[in-house]
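Engineer: Next up is a structure, given as structure tokens.
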Amino acid sequence: YALSGLKWQKMDLTWSIHSYPSPSHSPNLNKELVETILYYAFKAWSDVSPLTFQKQMTNSRDSKAGGDIRVSFAQMLHEDGYPFDGRGGTLAHAFFPGLDEVSGDTHFDNDEMWSFRGDSSSTDLFTVAVHEFGHALGLSHSSSDPSIMRPYYQGPADMNDFQLALDDRVAIQQLYGVKEGGQGDDADHDIPRLPSPPPTKTTQHSEPSFPERCQGGFDAVANIRGEVFFFKGEHFWRVNQKRSLWSLNPTLIKNFWIGLPPGTNKIDAVYERKSDSRIIFFIGSQYWVFIDNKAMGDYPRPLSEWGMRTKSGVPVDRVDAAFIWAHNGKTYLFSGGEFWRFDESKANELGTRHPDQGYPRDSSLWEGVPPDMDDVISWEQGDAYFFKDNQYWVLKSGGLNQDIITPKSTAVEWLWCPAPPMTSAPTNPQNPKECSCDVRG
Amino acid sequence: GESDQYSRALDWLSRYGYLPPADPRTSQLQTKEGIEKAIRIMQRFGGLQETGVLDNKTLKLMSTPRCSLPDIIGSDEMLKRKRRRRRRKR
């Protein structure tokens with residue numbers, strides 16, 4: 001292998017996509033698929049090193065935003081000194097790590113026909129992305145065979161089972177060390193064991209990390225653009241569509257969701273609005289509307305605009321949970337054991353809302369789940385997931401009266417925590433004397 | 001066609017770091033030995049038999065789609081980066 005002599009002085013890297021392949025050249029790749037492919041390309045490197053890669057939402061017009069590795073699809077001359085040349089020839093390039101503005105940036109030739117598991121007439125985006133991210137992490141071209149860092153296009157690779165060749169693993173581990181508890185590598189190979197590099201000096205964050213993540217008790221849980229965000233205190237964790245955590249380490253809410261007041265240390269509820277994909281945050285008696293990860297200028301606004309009153313006529317001053325029920329596309333807000341339903345297709349951007357007639361109703365109508373849930377999301381086939389403490393209950397699509405629902409562990413099933421030692425079986429929250437079992441209980 | 005192919009190959013070797021780029025200010029020319037050596041290095045890097053001549057396999061490899069970063073990062077590449085950094089600072 002060959003190293004460029006440059007490396008990142010930190011292990012937790014961020015990435016973003018600033019443009020996507022044009023549909024006319026790459027008709028079989030939509031944005032979601034591109035993001036998934038790139039996620040797996042990064043994973044190839046993080047599987048064998050302590051590196052983590054977290055995707056950042058970004059405004060593509062802001063060229064300086066987007067973190068360490070900014071991915072774009074460009075054509076011909078694109079102002080970096082390495083013009084592309086139309087279809088064929090050069091496919092992509094990436095800049096080595098460093099402090100330059102362009103360091104880590106990865107450019108793909110938009111004139112190629114990029115594909116996922118395509119035939120020989122197209123170019124496999126995953127294979128090329130793994131190679132280019134190798135450059136973005138500090139690796140140069142290798143003459144070794146096999147190695148993903150060979151300069152020539154090698155055809156498609158199986159994204160799900162892809163593993164770096166020994167040459168590439170040793171190279172990345174030379175730069176960043178071996179993944180702790182991961183693919184330790186090399187025990188079955190006759191090569192000298194490489195010393196780990198000295199620990200790098202990284203920015204120190206306050207990290208609750210493992211214990212907090214695995215203890216549950218999330219303030220809010222939200223399905224935003226197909227990813228599930230778990231908010232707790234001043235941090236959040238993020239789980240992608242395939243239920244992989246972007247990072248075991250939490251992210252500070254204030255570093256990602258821009259526009260919340262300083263000192264925000266508890267989010268009550270969050271959901272993504274169906275009509276325009278804006279993201280609504282509830283904190284105390286106020287709410288914010290976000291476009292992507294930035295709050296709109298007119299916010300916060302008072303919760304009273306939602307027109308929610310309890311059965312006894314008292315204005316609601318906080319929201320416990322919020323979600324869009326995929327079954328009917330309506331918005332549901334929960335507070336103090338009651339819930340309200342809204343049809344947001346009729347709502348104005350600014351202005352008073354009105355709950356649907358006949359609300360509030362008792363949260364206990366959602367049978368089999370705790371009435372004072374932490375939060376609710378719609379997920380997968382439109383099922384409703386109710387989170388409480390460190391457990392979650394699934395109400396199948398459209399169902400309201402599913403008497404016995406076995407809860408599962410949020411920590412184990414969502415946040416990659418080890419299964420707790422076997423104890424007594426979990427109970428039905430509304431009937432504590434009734435025993436139910438899951439696969440471990 | 002043959003001379004065209006040859007000049008394209010020289011361009012390719014320069015672009016990917018096997019040959020120093022010809023400098024019009026000093027009328028620098030590549031020597032025959034220098035080109036042959038560059039082809040050999042390129043062939044070795046690409047896993048081909050080292051012949052030092054532009055045979056079919058070598059030309060085929062040169063036309064294979066690839067990453068646009070150079071294989072050999074030398075002084076020219078470093079100069080290019082320095083220039084880019086200076087431009088950005090300005």
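Engineer: Taking every DSSP beta bridge with both residues inside the range A:23-127, roughly what % is antiparallel (nearest 5)?
Structural biologist: Working: 3 of 9 bridges.
In the range A:23-127, DSSP labels about 35 percent of beta bridges as antiparallel.
Engineer: What residues qualify as long-range amide H neighbours of A:Glu338, i.e. H under 5 Å apart, gap of 5 or more or another chain, H built at 1.01 Å from N?
Structural biologist: Distant-sequence amide H within range of A:Glu338: A:Ser363.
Engineer: Here's another thing I want to ask about it. Which whole-Hz ³J(HN,Hα) couplings does the range B:4-14 yield from phi under the Karplus relation 6.51 cos²θ - 1.76 cosθ + 1.60, θ = phi - 60°, glycine and proline marked x?
Structural biologist: After applying 6.51 cos²θ - 1.76 cosθ + 1.60, I find 5, 4, 5, 5, 5, 5, 4, 4, 4, 5, 5 Hz.
Engineer: Still on this structure, please answer the following. Using the Cα centre of the range A:211-370 as origin and beta-carbon charges of +1 (Lys, Arg) and -1 (Asp, Glu), tell me which of A:Gln215, A:Gln286, A:Ser312 is placed farthest towards the positive end of the dipole.
Structural biologist: A:Gln215
Engineer: Can you give me the Cα centroid spacing of the range A:237-265 and the range A:1-34 in angstrom?
Structural biologist: 21
Engineer: Another one. Grab every C-alpha pair in the range A:250-342, bin the distances at 5 angstrom width from 0 up to the longest one, and report whole percents.
Structural biologist: 3, 13, 23, 26, 19, 12, 4, 1
Engineer: Now for a different question. Taking amide hydrogens as modeled 1.01 Å from N in the peptide plane, which residues meet the under 5 Å criterion relative to A:Thr90, leaving out close sequence neighbours?
Structural biologist: The answer is A:Asp85, B:Arg66.
Engineer: Separate question: Which whole-Hz ³J(HN,Hα) couplings does the range A:335-345 yield from phi under the Karplus relation 6.51 cos²θ - 1.76 cosθ + 1.60, θ = phi - 60°, glycine and proline marked x?
Structural biologist: The phi angles translate into 7, x, x, 10, 9, 10, 10, 10, 9, 7, 5 Hz.
Engineer: For A:His354, A:His93, what ranking results if the residue with the fewest other Cβ atoms within 10 Å of its Cβ goes first?
Structural biologist: Values: A:His354 14, A:His93 23.
In order of increasing Cβ crowding within 10 Å: A:His354, A:His93.
Engineer: At a 10 angstrom cut-off on C-beta neighbours, averaged per residue, how do the peptides A:325-337, A:241-253 rank from highest to lowest?
Structural biologist: Numbers: A:325-337: 19.2, A:241-253: 17.0.
Sorting A:325-337, A:241-253 by mean packing, highest first, produces A:325-337, A:241-253.
Engineer: Separate question: Please give, to one decimal in nm, the separation of the simple spin-label points placed at B:Ser7 and B:Asn56, each 7 Å out from Cα toward the Cβ.
Structural biologist: It is 2.6 nm.
Engineer: Give a residue-ordered list of calculated ³J(HN,Hα) values for the range B:45-53 (Karplus: 6.51 cos²θ - 1.76 cosθ + 1.60, θ = phi - 60°; whole Hz; x for Gly, Pro).
Structural biologist: With coefficients 6.51, -1.76 and 1.60, one gets 4, x, x, 9, 5, 7, 10, x, 10 Hz.
Engineer: Take the Cα radius of gyration of the range A:1-120 and divide it by 2.2 N^0.38 Å, with N its residue count; two decimals is plenty. Don't jump to the answer; show the numbers that get you there.
Structural biologist: Values: Rg = 14.5 Å, N = 120, 2.2 N^0.38 = 13.6 Å.
That works out to 1.07 for the range A:1-120.
Engineer: Sequence-distant or interchain residues sharing an amide H contact under 5 Å with A:Asp389, placed H: which?
Structural biologist: A:Gly217, A:Phe218, A:Asp374
Only the coordinates and a few stated rules stand behind these numbers; no lab work does. Quantities reported herein were computed from a predicted structural model and do not represent experimental measurements. Every residue, glycine as well, gets a Cβ built from its backbone with ideal geometry; the counts of neighbours run over all protein chains shown.
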